1. For SER511, only one of the following conditions fails: (1) at pLDDT below 70; (2) outside any loop (DSSP other than H, G, I, E, B). What is its number?
2. Among the residues of segment 416-430, count how many are more than 17 Å from LEU393 (Cβ to Cβ) and touching a helix residue (DSSP H, G or I) at 6+ places or on another chain (Cβ under 9 Å).
3. Yes or no: segment 79-93 includes at least one residue that is buried (at least 18 other Cβ atoms within 10 Å of the Cβ), in a strand (DSSP E or B) and touching a residue at least 40 places away in the same chain (Cβ under 8 Å).
4. Might you check whether a residue that is at positive phi and of a type outside the set (D, E, K, R) occurs anywhere in segment 423-437?
5. May I ask you to list pairs of residues, at least six apart or on different chains, whose Cβ atoms are under 9 Å apart, with the first in segment 311-332 being at positive phi and crowded, with 17+ Cβ neighbours inside 10 Å and the second being modelled with pLDDT under 80 and of a type in the set (Asp, Glu)?
6. Considering segment 277-298 alone, what residues qualify as being in contact (Cβ under 8 Å) with a residue 12 or more places away in the chain and under 23 Å from PHE154 (Cβ atoms)?
7. Filter segment 221-246 down to the residues that are farther than 15 Å from ALA307 by Cβ, out of contact with any strand residue (DSSP E or B) (no Cβ under 6 Å at 6 or more places or on another chain), part of a loop (DSSP other than H, G, I, E, B) and not β-branched (Val, Ile, Thr) and list them by number.
8. Test of understanding: among GLU446, GLU473, which residue is out of contact with any helix residue (DSSP H, G or I) (no Cβ under 6 Å at 6 or more places or on another chain) and free of Cβ contacts under 8 Å to residues at least 24 places away in the same chain?
Amino acid sequence: MKKLLALTASLLLVASFATPAQSAGAKYKVYQKTLSAFSSTATTLTSQQKAQVKAAVEANPDAEKFVCTGIRYYSQPMSINIMVRKRAKAACEYAKELNPNLSTWYQNKPTQARSYAGKVLLTVKSPEVARASLRDLDQPNAVCEIQETENRFFGAKGFPFESLLPATGEVDIAIVPIDFSNAVGSGNPGAMFADDVKNLVEWAPFASGGNMNYDVDLVSTSWIRAPRGAEWYTHYEGGKSPVPNLQTRAEALQELISVADDNYDFTDTEFVYFVFPYQAEQQFGTAIYINYKVRVETKDGSVELTAYGEMGGYHNQSSWSRSRIWEHLVHEILHYQGFIGHGPVNGGNWNIMENQFGASAMTSGWESFLAGWLSEKQVLCVEAEDIGSAMDLELTSLDAGGTEAEIAIVKMSEAEVVVIELRRSGKYSSFKGAFSSSDRQTSMPENPGYTAYRVTPNLPNYRDDKADQAEVEARNWWGYLRDNGNAWISSSVTHKGLKLTKIDATTLRVSYSPEAGISSSSLDLVSREPENNAFCGCCGCFPGADLH
């Protein structure tokens, strides 16, 4: 807040209600918030302003004084006092409505800071209360390992963790650029993909806390010509080609491995990532998808591996740049490494498995926990029934990566947990201004703060990229607890008696009342009847899915 405002308003306000007896006794803290601008001569609160007042009330449950100050520019006529005072009165009356026990006071003050003229400043005084830390309730990680006993398919939603490729240790990757006589590659792969190889190698230990590494090789610095046209290498049953396959997926893979064999020794390779020209995907539906281990023959002997190749050129008619591939490769190989992804909201900006081209290349806290990437000290596991009075939570941001990242897991029952993460822009996250229609959010701040999502591993995985994502998220096995539509907590969220209230940028207040069953998610508002599956892709079969 600007110094001038603080001098002309804040200090005066604090002084106006601090009595000598109070100052000599307990310690107090002051919370201040300027409401968003009023329009013209309006004296009633907008929905946004009400939300801001509500946030101030909820962030200060022990408040002794709630002061609302209408601000007038010092050179404006005194008649403006009446208008800004009415605005202040409206703010305080709404605060009193939310918490009848509040002691409120409204007033008006002049300022020389023109940008604050006409606004209302909230100043809240509360005694310093020493609250217990949620960390005092920490349990071993095993307590929060919810078992997945039904609706299991490719990847894992709960424990035990299962994957086609290992999620820890070293994973060997070969990147193979392939073009065709009827879809010629452009650019120089050696120059285009050098940074991708470097990024892949650096990303793996950062995101996994040192538990996993990628050994990555670019098989050729130039395009390798396939023996047949692009139409011979397709995945029709996955909805990625307009016509049935001209050969089996295994036969197509063998042909491409054979043509690349002179350039590389595939003996230790576990995952082959093919890069095709956009024209091949767009016109012919070229795609390689081997989500099982297949044995191929090479000059160096028989090798068992998996493979993936396409960037949505046919199904999405997408022209994503083929000169930057590392995020897409990570997204796809993580499916093979057990990450179901596409949540807590598909197409969002919170992790690389929601959206390979989103605001963050980190993985979700829950899937990192499943994969064994988070140690005991990085996971705060708490049982909801152990939470008595309100307790405070402070975490290190998930985006800090390495061994510093932390998450909190609140075990609601044997079937469900709520995962809490602190999100801030970092090495692999850049949230400022990010927007996702799938996430139903406003433009994101640079440091969104705390998020929370429910996880129920035994519910089915549900995905429909063409449907309203609010309904999809509610039907799925995991989804965000939303605050005014956003996934980050600016005021508070609730779920089955668990309440999470923002105190400041790094502190969340956690309370639990088992009799309060209201949830910030809309889980109970939708049908869970099965639907006809229209798409089978990297991570199972879903109605109408077209992201990867």
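The values are calculated or read from the model by the stated rules, or taken from the named source; none is laboratory data. Bear in mind that the values here come from a model prediction, so they are computed numbers and not experimental data. Counting neighbours? That spans all protein chains shown, and the Cβs are built from the backbone with ideal geometry, glycine included.
1. Of (1) at pLDDT below 70; (2) outside any loop (DSSP other than H, G, I, E, B), only one is false for SER511: (1).
2. Step one: of segment 416-430, the residues more than 17 Å from LEU393 (Cβ to Cβ) are 416, 425-430.
Subsequent filtering for residues that are touching a helix residue (DSSP H, G or I) at 6+ places or on another chain (Cβ under 9 Å) retains 425-429.
The total comes to 5.
3. no
4. Just the residues of segment 423-437 that are at positive phi, to begin with: 433.
Retained after the next criterion (residues that are of a type outside the set (D, E, K, R)): 433.
Looking for residues that are at positive phi and of a type outside the set (D, E, K, R), one finds at least one in segment 423-437, hence yes.
5. Filtered contacts from segment 311-332: GLY312/ASP546.
6. To start, the set of residues in segment 277-298 that are in contact (Cβ under 8 Å) with a residue 12 or more places away in the chain comprises 277-294, 296-298.
Within segment 277-298, GLU281, GLY285, THR286, ALA287, ILE288, TYR289, ILE290, ASN291, TYR292, LYS293, VAL294, VAL296 meet the criteria.
7. Passing the criteria: SER222, PRO227, ARG228, PRO242, PRO244, LEU246.
8. Details: GLU473 fails: free of Cβ contacts under 8 Å to residues at least 24 places away in the same chain.
Of GLU446, GLU473, the one residue that is out of contact with any helix residue (DSSP H, G or I) (no Cβ under 6 Å at 6 or more places or on another chain) and free of Cβ contacts under 8 Å to residues at least 24 places away in the same chain is GLU446.
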